[in-house]
Structure formats: C-alpha cells, structure tokens
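Some notes on the structure that comes next.
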Amino acid sequence: HILARSLDARTVMKSGPEIVKAGLRSFFESASDDIEKMVENLKLGKVSQSRTQVKGVGQNITYTTVALLPVLTSLFEHIAQHQFGDDVMLDDVQVSCYRTLCSIYSLGTTKNPYVERQ
C-alpha cells in the first residue's frame, strides 16, 4: 500500500520512461484479468469450502481478495486524492479499469452462496 500511495502517477504518465508507463498499463491489465477470472470461477461455482476445490481457483481468490483488491483500493484512493485521474485513466488503463469495475459490479449483483457468506 505504501508504494501505491507514494506514486506520482501524473509525472510517470506525462514524462516517465515508456517502460514504466508500459508496466503501469500491464499492471492494470493483469489486475482486470485476475478479477475477471475470480468472478468467473465464483459464477461457475468452482469455489467451495471442501478439500476438493481446485488449488489454482483458491489461490486466485485468496490473491485477489487479500492482495490485489487492497492494493487497487489504495492506488485508486491515492489517484483520486491527488486528482491524477485525468493523467492516468487513459486508453488501455481506462479500459482495464472499466473491466475491473464491471467484474466487481457483477459480483455484487450475483447471487452466490460463497459471496453471501463473505
């Protein structure tokens, strides 16, 4: 969370090296992929409390809920607090953020025993 809060996203996107910008775009793309995969697994009912659950599915859900979502939350709060949105939420990053938003929204509006227990 500290790294997310110390990022000067405006400077990175305006004058940072292309490799750094590409890394930020890649992070948002991978994050949206991971969240979409988690939501898909939940919708398909691949998640259970039993030992028969596929190991990768459980790891994806744990990683997404314990690591990825808190980092994204911290990053978005930081971007909003410093009004970096106009500089960061562009093109591919904006598309990835919309994908993330749609996935999280669908998760919140879908009836699923696993989600309701949480």
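The values are calculated or read from the model by the stated rules, or taken from the named source; none is laboratory data. For clarity, every value in this text was computed on a predicted model and none was experimentally measured. Positions of Cβ are backbone-derived with ideal geometry, glycine not excepted, and every protein chain shown enters the neighbour counts.
A few remarks follow.
- For ILE35: the one exception among (1) assigned to a loop (DSSP other than H, G, I, E, B); (2) surrounded by 13 or more Cβ atoms within 10 Å (Cβ to Cβ); (3) modelled with pLDDT of 85 or more: (1)
- Checking HIS82 against (1) modelled with pLDDT under 90; (2) buried (at least 17 other Cβ atoms within 10 Å of the Cβ), the condition it does not meet: (2)
- Segment 76-88, residues that are under 12 Å from LYS14 (Cα atoms) and not acidic (Asp, Glu): PHE84, VAL88
- Residue in segment 44-54 that is modelled with pLDDT of 85 or more, within 21 Å of the chain's Cα centre (by Cα) and either farther than 26 Å from ASP92 by Cβ or of a type in the set (D, E, K, R) (or both) present: no
- Cβ-Cβ distances below 7 Å connect the following pairs, each with a first residue in segment 6-27 that is in contact (Cβ under 8 Å) with a residue 60 or more places away in the chain, a second residue that is of a type in the set (Phe, Trp, Tyr), and a separation of six or more residues or different chains: ALA9/PHE84; ARG10/PHE84.
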